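**Student:** Structure in structure tokens, see below.
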Amino acid sequence: MDAQMKRGFLEVCVLASINRQDSYGYQIVKDVPVILNLTESTLYPLLKRLEAAGLLTTYSVEHNGRLRKYYRITEAGVRHIDEFLRERDDVVSIYDYVKRGARK
């Protein structure tokens, strides 16, 4: 998958995962579709970008004597998912166009 396209999908998949319920890094990696090959080393910079963009907030909870950082989606994050979903028909039409052009 193209790196630019993958990045866009990763962002919205991470937001969708957190939209289901507040979550933490390791759990998010497990929740995101395997085809995206999300690793913790890829996830944490992405989470920082999403937080800086105002799409996520964080809070900490003690777990087994250590603090675990949880991520919560903001209203702006929910709107970002909604915008992504509104673009679906446009993206499908582009794929259909390319598919028709690939056939001879």
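The values are calculated or read from the model by the stated rules, or taken from the named source; none is laboratory data. Not measured: the values here are computed from a predicted model. Cβ: placed from backbone, ideal geometry, glycine included. Neighbour counts: every protein chain shown. For the accessible areas, the whole protein counts, side chains as well, though only heavy atoms, and no ligand, DNA or RNA atoms are used. Shrake-Rupley method; radii C 1.70, N 1.55, O 1.52, S 1.80 Å.
**Student:** If you take the residues of region 72-104 that are more than 30 Å from Ser60 (Cα to Cα) and small (Gly, Ala, Ser), which of them is surrounded by the most Cβ atoms within 10 Å (Cβ to Cβ)?
**Tutor:** Result: Ser93.
**Student:** Would you say Lys69 is among the charged types (D, E, K, R), open to solvent by 60 Å² or more (accessible area, probe 1.4 Å) and free of Cβ contacts under 8 Å to residues at least 12 places away in the same chain?
**Tutor:** Spelling it out, it is not the case that Lys69 is among the charged types (D, E, K, R), open to solvent by 60 Å² or more (accessible area, probe 1.4 Å) and free of Cβ contacts under 8 Å to residues at least 12 places away in the same chain.
**Student:** So which pairs qualify, if the first residue must be in region 12-23 and in contact (Cβ under 8 Å) with a residue 24 or more places away in the chain and open to solvent by less than 30 Å² (accessible area, probe 1.4 Å), the second must be of a type in the set (S, T, N, Q) and in a helix (DSSP H, G or I), the Cβ gap must be under 9 Å, and the two must be at least 6 apart or on different chains?
**Tutor:** If the second residue must be of a type in the set (S, T, N, Q) and in a helix (DSSP H, G or I), the pairs left are Ser23/Ser17.
**Student:** Kindly list the number of the only condition in (1) over 16 Å from Val32 (Cβ atoms); (2) among the charged types (D, E, K, R); (3) outside any strand (DSSP E or B) that fails for Glu62.
**Tutor:** (3)
**Student:** Follow-up. From the set of residues in region 27-40 that are open to solvent by 40 Å² or more (accessible area, probe 1.4 Å) and at pLDDT below 95, which is nearest to Arg68 (Cα to Cα)?
**Tutor:** Out of the qualifying residues, it is Glu40.
**Student:** Can you name the residue in region 41-64 that is among the small types (Gly, Ala, Ser) and either exposed (fewer than 13 other Cβ atoms within 10 Å of the Cβ) or under 12 Å from the mean Cα position of the chain (by Cα) (or both) and, of all such residues, is nearest to Met1 (Cα to Cα)?
**Tutor:** Of everything passing the filter in region 41-64, Ser41 is nearest to Met1 (Cα to Cα).
**Student:** Please verify whether region 61-70 includes one or more residues that are out of contact with any Lys or Arg (no Cβ under 7 Å at 6 or more places or on another chain) and among the β-branched types (Val, Ile, Thr).
**Tutor:** No: region 61-70 contains no residue that is out of contact with any Lys or Arg (no Cβ under 7 Å at 6 or more places or on another chain) and among the β-branched types (Val, Ile, Thr).
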